[in-house]
Amino acid sequence: TAIDGNRRGDVVYAVAGASVHRWTPQRAGWKSASNGLSGGTISSAALDADSSGMVYAATPTGIFKTTDGGVSWNAGSPQMRGKPISLIATHPAYKTRMLLESEREIFVSTDRGTTWNPTRPLSGRYRVRKFTFSNSDAGFVLGGTLASGVLVSANGGLSWEANRYGLEANDISAVTLDESDRRTLFAWTGQGQGFRTTDKGVVWNRYSPPWKPDEKATIVFDRYNPTEVVALVGQAGLYYSPSGGATWFPIP
């Protein structure tokens, strides 16, 4: 249900239900990394920006944390204990900053998850599917949402503005960035339909990828470099884009 790795890609954690598994090149296989993890089905997992042994897991009963690569887990911040956490993410550039979504409210931490505060505006209620961090502007963060368009933050996730003009009530599962133009962004629905903006998210228009409109596609991207995108398309197989979705190449 969730997968994350470090920047080099040589340590990977995969979530299956309520368990976590770790892969390293030395083992060339998967090892259970769930000792002490008892929060129930895990909805999201995130690695610390500096340490591939420090991992956070979002569960229906709060946050769990390991500092030793899954050898042992402990309950995280008491502030979030008992809260259902839908999504958790670590900022790849602001090393102590984290974001999470719980019951349609976004929280931010500036001390590696020890304390959390609701983001501005306090009245914001969004079901966030995925956060996207720019690798050229640390303050620029995006969030794909269910029925609320794309969230945009200019200060690293402390406050948000919802932009949905042209996106209607679509389920946005991923937002990717153009390789060369910082004002051009791409939004992808859970079905693989595409949208593009050339004004940093103010207005969105339909954007046609190379697969057929009725072919369901799952879009994934490198969280350290969100211009690197892969699409898994129904019976058509795999497509790769080095430009956030501006151009696509089939992978045989």
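The values are calculated or read from the model by the stated rules, or taken from the named source; none is laboratory data. Since this is a predicted model, take the numbers as computed values, not measurements. Every residue, glycine among them, receives a Cβ derived from its backbone with ideal geometry; neighbour counts consider all protein chains shown. Each accessible area value is taken on the protein alone, full model and side chains, heavy atoms only, with ligands, DNA and RNA left out. Shrake-Rupley method; radii C 1.70, N 1.55, O 1.52, S 1.80 Å.
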Within a Cβ distance under 15 Å of residue 26, other residues only, what is the Lys/Arg minus Asp/Glu net charge? +3
Kirkwood Rh for the stretch 1-47 from C-alpha pairs, in Å, is 11.0 Å
Between (1) 46, 45, 30; (2) 169, 39, 25; (3) 172, 34, 21, the structure-derived Cα extents along the principal axes in Å is (1)
Please work out, to two decimal places, the log10 of the ratio I(q)/I(0) at q = 0.13, 0.15 Å⁻¹ from a Debye calculation in which every Cα of the stretch 151-252 carries one identical scatterer. -0.43, -0.57
Expressed in angstrom and ordered largest first, the alpha-carbon extents of the stretch 197-249 along the principal axes are 34, 26, 15
In Hz, Karplus ³J(HN,Hα) per residue of the stretch 215-222 (6.51, -1.76, 1.60; θ = phi - 60°; x = Gly, Pro): 8, 6, 10, 9, 9, 10, 9, 6
Tell me which residues come under 5 Å, amide H to amide H, from residue 174 once H is placed; ignore anything under 5 positions away on its chain. 188
Could you identify which residue out of 230, 203, 108 has the top mean-square fluctuation in a GNM of the chain using Cα springs shorter than 10 Å? 203
Indicate the gyration tensor shape class of the stretch 63-146 (rounded, prolate or oblate), computed on the Cα atoms with a ≥ b ≥ c the square roots of the eigenvalues: a/c under 1.5 is rounded; otherwise a/b larger than b/c is prolate and the rest oblate. oblate
Paramagnetic reach from residue 214 (point 7 Å along Cα→Cβ, amide N under 19 Å) across the stretch 220-252: 233-237
What do you get for trypsin sites (Lys or Arg not before Pro) in the stretch 68-103 restricted to DSSP loop and a cutoff of at most 16 other Cβ within 10 Å of the site's Cβ? 81, 95
In Å³ and rounded to a whole number, note down the convex hull volume per residue for the Cα atoms of the stretch 106-157. 82 Å³
Leaving ligands, DNA and RNA out of it, report the carbon-plus-sulfur percent of the accessible area of the stretch 45-114 at a 1.4 Å probe. 50 percent
When only alpha-carbon atoms are used, what values of Rg and Dmax, in angstrom, describe the stretch 1-130? 14.0, 48
Taking a probe of 1.4 Å and leaving out DNA, RNA and ligands, the chain shows per residue an accessible area in Å² of 46 Å²
